[in-house]
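J.: Below is the structure I would like to discuss, written out as structure tokens.
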Amino acid sequence: MRRFLLLLLAFLLLLAAPIGVRYLRYYGLDQAAAEAPPEFDPGEVPAVPTPTAGNFVDDPEVGQGWVLLDEAHENDFDRDELGYLDGRLAARGYELLPYAGGDLAGALRPVDAFIVATPLAPFSQEEIQAVSDFVDRGGHLLMVGDPTRFNVLVEETDISVEVNIENDDLPLNTLANEFGIIYRGDYLYNTRESEGNYRNIILRGEDFSTDALADELETVVFYGSHSLEVGAQGTPLLQAGEDTWSSITRRSGALTVAALAREGRVLALGDINFLGEPYNDVYDNARFISRIADFLAEPGRGFVLGDFPYFFSDPVSLIYAGSPELGPDVFDEVIDLQEAFRNVERKLSLTAEPVEGQDALYLGLYNQAEEIAPLLEAAGVTLVIDPPVVAVEEAAEEMEGEDEEADSDEPAAVRQIQSGLGNVQMAGTALILLGEEAGQRYVVVLAASAEGLENTIDRLLEVVPRDADYALSDCLLQETLALCPTNVPGEAVEAELQPGDTLPDEEPEEESEEGEDSGEEGERGDAGGGAGGEYVEVIDAFLQGSIALGESREGTLAPEEAHAWAFDEGPVTIDILLETGEEMDSTLSVFDSDYELVEGVDDGFQGEEERLEGIEVPEGEAYTIVVRDFFSAGGTYTLSVAEAGEAEGEEAEEAPVSIFIFGDDRGTPAGEPFTSVPALASMLEEYEVTTWIASEDGPLEEDTLDGYDLVIWSSGNYRNENVAIDEDSLVIFDHFLNGGALFITGATTTFLEGEEATFAPISDLEVAGDHEVLLDGFESGEIIELDQTYEATLIEPEDVNEEEGSVILFLRGPGSENSGSVAGVTFADEFSGSRLYLLAAPFTALPDTIQESVLDNLLAWLEL
């Protein structure tokens, strides 16, 4: 019993009941045939039977490149889990490179694709921008989530729980939202058709898109998957069938588990388990993984000059424009370039002319660039040299005997680089151009002089290291064109590279760091910003002003902005309504005077309203209401504040309190059978009550409990020894997960059954504590006699830690075995609004007056 309660009750006590339920679902405690492991390890997914391996044979196209694998965000996976995918990439000539942190933009420079799997730490805004820019340039991004990845430590005498998935605020969403994708904080399950366990969902081809990634796929199995919400810029790739349900949204059918975004360059998957052994080989999983490898190795990545030399395919030709006779010192530069290329697994060979099928690096002077003029023209670059530049000796001969005064009447020489960056003088300026022709990439490097060319080569060598800062910060720069200073004082446009030229060996002097870029992004402290108000860093929002009781304010969010509104008319309890245009998927939050979160909500989808009710604002406190767009895309909104309970417009009358009583008469009764349902229904007759008897009315449907203010689960004296969590239990806990109120009462409640459950006779209760609402009318230490002795679930005191949000109400009395153990306890999650009252005894075993007090206090606690 101890370990079972450590799994379930500890999570509930720590305000994480939804997580406990998900764990119970994942580990299949309702599988009668499954062996219960002697030790529970929440990080280990139990093996399930797998079908016969598929007969897919991979036939890849071989290329060359790298794929970056994120390991810098506390990613919860083992490299072995990606072993099969790594093998498929290797078969395509691609190598998987680990990214352990540092400059992500630099790390993305050499690669064609980026994999982010199950991160437990969020991405920074700088990292998000780096990935977004990478995708915009044609890079491919694979994001893989998984709802079973938690940081959970469960010990025998101590409980330490860190929960990473409580809602949609998943670390992976910090990146996924940039591409219009939300990983829901749920998991999917199918109780009618599954692969060995209802969380192992079978996906059918009729629910797949026509994209090449899903080509020839008939059946794929995911072994625990999130559902994905896909924005306007994305498209679903794989969807689950109508019998597959979400643990949170209570929706079935058309649930997306794989999606594409950003014109097909972003792939999001809800499950990681299907990628690894033994699941990678079932049905069409292997074929799908190979399609994913094709996606990651797909050509078309756009590169910029800062990616030099990673965009070159091996080998690369080094060509000096104009075929000059090179002096020995020039070879020093050639050797340095060859070494730099070797460091990135590229071979650079000096050739006299281009080699068919090879990428090329051209070096030279402006005056010797005639043969590569077509490459320059294709990029919109023109070199103007008028009159032509001649060698020094030739110029001297032409000058002999000529009248200097006549020369002074000649027009000034023009030495210009004309491009989209403007017209720039050649002297003192080097040109670097990245282009592509007939499928082969080339880089052209030109300067006015031999010394200027050498300095520019040194600049390129500084660009090579993946983690180095870009060496192009002082250049006029487009993505594929740079005009850079050569740092040669008084530089002249030379006619040709001379064989006797001695290029200096020493490094160019470092420039002073005057005029460092002051445009770095720092704190967004500019009053006014894009939102026209003071920026409040701690809540990352621009203050728009104040809003008073009964007022409405209209606003327009710019992309990447949030708006803050001050409210200081306490003491008062308020309702807040946020209405938006169709373009916004809004979120609404309230912070106190210390900018601590009071409450937040994100229940609606795009264009739907958000509402917070019953927010108590103390006297003298200034609360802040924050409006955001989930996708940071911006949009229009109207924010309204009213006193709690005030009708808005022609709002309908307040609906009556509705209560659903589920009589759980499955299993075997201990003595004369009863469930306490008739007594409960009679005592609650002033409310709108619905009763449901399991043996008569059948299983609950997914939407049966929708709209009920309270669900009572009463099992009386029935014990269901064969089932721990079944379909009815899942429906009830889904109601609880979504902010519902739940009262569970019975000697041996179903959800506390299991092989490790223990039972002991109970005949009386002792009141514990003095909660002013839940124990109103009771005295601490008061003994309550039951109508008889029952075999009831035993909850050890050490299994129930009193944490914020939990209250122990009753203990086993002195006349019961294991006196002092817990018999009644409540749990509350203030953020979601979920409430649970657990009484480990039949309700009608209590004296009549005690029954009334328990119900009255429960309804008062729930404010019903």
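FYI, it's all coordinate maths here, none of it is from the lab. In this text, all values refer to a predicted model and were calculated from it rather than measured experimentally. Note that we place each Cβ from the backbone using ideal geometry, even for glycine, and neighbour counts take in every protein chain shown.
J.: Hey, can you rank 449-459, 91-101 by average C-beta count inside 10 Å, highest first?
T.: Per-residue mean Cβ counts within 10 Å order the peptides as 449-459, 91-101.
J.: Just rank Glu613, Glu701, fewest to most, by other beta-carbon atoms within 10 angstrom.
T.: Glu701, Glu613
J.: If you take the Cα Rg of segment 570-710 and divide it by 2.2 N^0.38 Å, with N the number of residues, what do you get?
T.: Cα-based Rg divided by the globular estimate yields 1.48.
J.: Under a plain spin-label model, where a point goes 7 Å from the Cα along Cα-to-Cβ, how far apart in nm are Thr789 and Glu74?
T.: So the two model labels end up 5.0 nm from each other.
J.: How far apart, in nm, are the 7 Å Cα→Cβ label points at Ala860 and Val414?
T.: In this crude label model, Ala860 to Val414 measures out at 9.4 nm.
J.: What do you get for Rg/Rh over segment 195-325 if you use C-alpha atoms and the Kirkwood form of Rh?
T.: With Rh from the inverse mean 1/r over Cα pairs, Rg/Rh is 1.18.
J.: Then there is this: Largest first, please: the extent of the C-alpha atoms of segment 228-280 along each principal axis, to the nearest Å.
T.: Over segment 228-280, Cα extents along the principal axes are 30, 29, 16 Å.
J.: Using the Kirkwood radius over Cα pairs, work out the Stokes-Einstein diffusion coefficient for segment 535-643 at 10 °C and 1.306 mPa s, in µm²/s as a whole number.
T.: In µm²/s, the coefficient is 117.
J.: Separate question: Mean separation of Cα pairs under 8 Å and 6+ residues apart, divided by the residue count of segment 535-643: what relative contact order is that in percent?
T.: Computed over segment 535-643, the figure is 40 percent.
J.: Taking N as the number of residues in segment 65-296, what is its alpha-carbon radius of gyration divided by 2.2 N^0.38 Å?
T.: The value comes to 0.97.
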